[in-house]
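The values are calculated or read from the model by the stated rules, or taken from the named source; none is laboratory data. Just so it is clear, the model here is predicted, and its values are computed rather than measured. Heads up, the Cβs are rebuilt from the backbone with ideal geometry, glycines too, and the neighbour counts pull from every protein chain shown. We work out accessible area using only protein heavy atoms, side chains counted, and drop any ligands, DNA or RNA first. Shrake-Rupley method; radii C 1.70, N 1.55, O 1.52, S 1.80 Å.
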Amino acid sequence: MGVLMFSLVGNAQIVKAEIRATGLTCSMCSNAINKQLKSIAEVTNVETDLNTNTFIVTLNEQNQLSPRIFKEKVEKAGFFIGLLTITTKSGTIANPSYIVVNGKPNDTAPQVEFQVLDKGYVTEKEYKKMTKLLKEVATYAANNEDDFHIKISN
């Protein structure tokens, strides 16, 4: 697999975050995560799918959140993120540093969807796989919490 890597600069404006949590066993678990996500001031809505343990978080305009807030809130509830997909306004990826390791954003699309590939944003199994695939990317191995390695979906 070849790795395409470049950084994009601007102000990140997350429109939506789709979080698949791991470790949930009941609806009370889901409620704990839901409560934590709703405690983020910029959140306007949280939809929950109990069958897939997925939370779709909609955010208000002009927010400057980073993916880290979702990780912190899910972990504060006592669980982990198995998959995090972010939707941002087109041309607003960065701040903090988003490093594209696969795919290329479509500048003509109104939104860009991407998956965060770093430790704590994917399952442990997926992280081990990514570590092997992205061994050429020095910033991935460094595991700096200010860097977000992303795979563009659209």
Normalising by the residue count of the chain, find the relative contact order in percent from Cα pairs under 8 Å and 6+ residues apart. 30
Comparing T44, T108, T88 in a Gaussian network model of the chain (Cα, 10 Å), the one with the largest mean-square fluctuation is T108
Sorting E42, E136 on solvent-accessible surface, 1.4 Å probe, most exposed first, gives E136, E42
I99 long-range amide H proximity, modeled H, under 5 Å: F148, H149, I150
Probe 1.4 Å, heavy atoms of protein chains only: per residue, the accessible area of the chain in Å² is 52
Go ahead and estimate [θ] at 222 nm for the chain from helices alone: -39,500 (n - 2.57) per DSSP H run with n ≥ 4, summed, over the residue count, rounded to 500. -6500 deg cm²/dmol
With a 1.4 angstrom probe the carbon and sulfur portion of accessible area for the chain, in percent, totals 50
Student exercise: in region 29-89, how many lysine pairs 8 or more apart or on different chains have Cα atoms under 16 Å apart? 6
State the label only: which of (1) 16; (2) 23; (3) 20 corresponds to percent of Cα pairs over 27 Å apart computed from the shown model? (3)
Sticking with the crude label model, points 7 Å out along Cα→Cβ, report the distance from K132 to K16 in nm, one decimal please. 3.3
